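These notes concern the structure reproduced below.
Every read-out reported here was derived from the displayed coordinates using simple, explicitly stated rules and does not represent laboratory data. Bear in mind that the values here come from a model prediction, so they are computed numbers and not experimental data. Here the Cβ is made from the backbone with ideal geometry for all residues, glycine too, and neighbour counts use every protein chain on show.
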Amino acid sequence: MAIATVNPATGETLQTFEPLSDDAVEERIARAAAAFDRYRLTTPQQRAGWLRAAADVLDADAKSVAELMTTEMGKTLASAQAEVGKCAKALRYYAEHGEQMLQPQPADAQAVGAVEAYVVHQPLGVVLAVMPWNFPLWQAMRFAAPALMAGNVGLLKHASNVPQTALYLEELFRKAGFPDDVFQTLLIGSGQVEAVLRDDRVVAATLTGSNAAGQAVATVAGDALKKTVLELGGSDPFIVMPSADLDRAAEVAVTARCQNNGQSCIAAKRFFVHADVAEEFTRLFAEKMAALTVGDPMDEGTKVGPLATESGREDVERYVADAVEKGATVVTGGKRVDRPGWFYEPTLVTDVTPEMGIWSEEVFGPVAALHTVADLDEAIRLANEHVYGLGSNLWSEDQGERLRFIRDIQSGMAFVNGMTTSYPELPFGGVKQSGYGRELTEVGMYEFCNAKTVWIG
Ligand code: NDP
């Protein structure tokens, strides 16, 4: 994939970039390693100050960065602005709480025969972040804020279709006053990742993206015995029970499925609806999907913009065609929008069955797959049959149902009467093929720390 900015709303190539040569990559790794030698000795107070400064820079740059993201990958300007705000919030969260998280944690010295015993979290070194285009600022920030707070140094290999946002990220940390080379962007293709990861000076990697990319990176990291955190695909279930507030559930279902033009790992993708309310919920859901304004993502009134890439739209078309061929019903949407750019209508498909790709894989576009169930047990059983286990959603007023859902659903996150969302205050991540490790909170920060045991006799 060429490294280029291509506007998905028009299909126009705006700027292309040459990937870094192997020598240039080597030079940047050397600079990152040298930066770590100095940066690890800075104090948490200093790092918190730079994080705060980065949040202020983001606030000041908010308009232009949001427009850049919309231009590069098609998210609506409103959601791009929200993403910038969320990144500033995460930076401030770690600035505020990071020092506390990095305090030595005392252990029971007497029990281990010591005068003093404690655990101290120290940075690991240069960490490679391989990131996707769907939340081009947030995905990188979710890694960068805790990693930099802990004293690590970052090398970002961003998706090839968001090069300018990638370059902005490096600039952001520079403008905030972080020491030189603490966060660098490598404009490289995916074929160059292995050499970076095998370099002895790079100690760990985090990847958010498809399972194929995750497998490739984890294979190399496993071979080189390096720590990884993987945030991979998701096909989150959204279960609606008879006691739910149906109108509210349908409203949130639309947002949960169509946020970011349908391209979110934690989007609700499979809807399991109790038979008693299936007809009414389907009607409400379809009405609200059909009411979404699809159009220029720069327009204030637009709710759904284009898909990020032409091949992404072709994938979505293929999933819907496959489902229809195997007996599914398109209730609303179901085709591309007749205009330049890679637009696809918000779509609701019912009568989906396990042999359809729309059920068993991850559809990265505004297409909801709905299946009627007899009871909660069936919904949970079907939800758990999927290889993914990222987020999950239940709509119910019944306390017993809620507890069963929380106990039995195989996912990293369980949301009741709301949609899966990431917050700095809650761990984020999945189980099964959705990956391993966690981001955000202190749990995310410690992923790239050496929890060093200290015993003093
Ligand atoms: P990818 O997973 O291919 O891209 C994510 C990142 O991984 C990019 O930086 C990419 O670089 C890099 N990458 C890809 N292949 C390799 C590799 N073999 N070794 C090292 N790095 C690699 O996502 P796509 O954009 O191709 O999307 C494909 C599908 O992935 C989507 O339809 C969706 O199902 C899923 N996806 C899930 C995301 C999530 O948040 N869970 C996010 C994005 C995609 P480059 O861009 O240069 O190829």
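For this structure, a couple of remarks:
- Under the simplified labelling scheme, the residue 322-residue 456 pair shows an inter-label distance of 6.0 nm, with each label point 7 Å from Cα along Cα→Cβ.
- Each of the GluC sites (Glu not before Pro) that DSSP puts in a loop and that has at most 14 other Cβ atoms within 10 Å breaks the chain; the longest unbroken stretch is 1-299.
- Label zone at residue 2, where the point sits 7 Å out along the Cα-to-Cβ direction: region 188-206 residues whose backbone N lies under 15 Å: 189
- Computed log₁₀ I(q)/I(0) - Debye formula, equal Cα scatterers, no solvent, region 210-294, q 0.10 Å⁻¹: -0.38
- Among the listed pairs 432/452; 175/269; 157/288; 75/175; 226/432, those with a Cα-Cα distance over 32 Å are 175/269; 157/288.
- Residue-wise HN-Hα couplings along region 334-351, as the Karplus relation 6.51 cos²θ - 1.76 cosθ + 1.60 with θ = phi - 60° gives them from phi, are x, 8, 6, 8, 7, 6, x, x, 10, 8, 9, 5, x, 10, 10, 10, 10, 6 Hz; Gly and Pro carry x.
- Amide H contacts of residue 229 (H built 1.01 Å from N, under 5 Å, at least 5 apart or other chain): 205, 206, 207
- Order of 245, 37 under a 10 Å beta carbon neighbour criterion, fewest first: 37, 245
- Its Cα gyration tensor gives the chain an equivalent ellipsoid. The semi-axes, each the square root of 5 times an eigenvalue, are 38, 27, 19 Å from largest down.
- Quotient of C-alpha Rg and 2.2 N^0.38 Å, computed over region 89-164: 1.49
- Summed side-chain charge close to residue 404 - residues other than residue 404 whose Cβ falls under 15 Å, Lys, Arg +1, Asp, Glu -1: -4
- Sorted by Cβ neighbour density within 10 Å, fewest at the top, the residues 40, 402: 40, 402
- Mean ellipticity per residue at 222 nm, deg cm²/dmol - from DSSP H runs of n ≥ 4 across the chain, formula -39500 (n - 2.57): -13500 deg cm²/dmol
- Length available on full extension from residue 431 to residue 16: 0.36 nm per residue minus the Cα-Cα distance, which gives 145.7 nm.
- Contact order for the chain, expressed relative to its length and based on alpha carbon pairs under 8 Å spaced 6+ residues apart, stands at 19 percent.
- When 120, 349 are sorted by how many other C-beta atoms sit within 10 angstrom of their C-beta, beginning with the fewest, the order is 120, 349.
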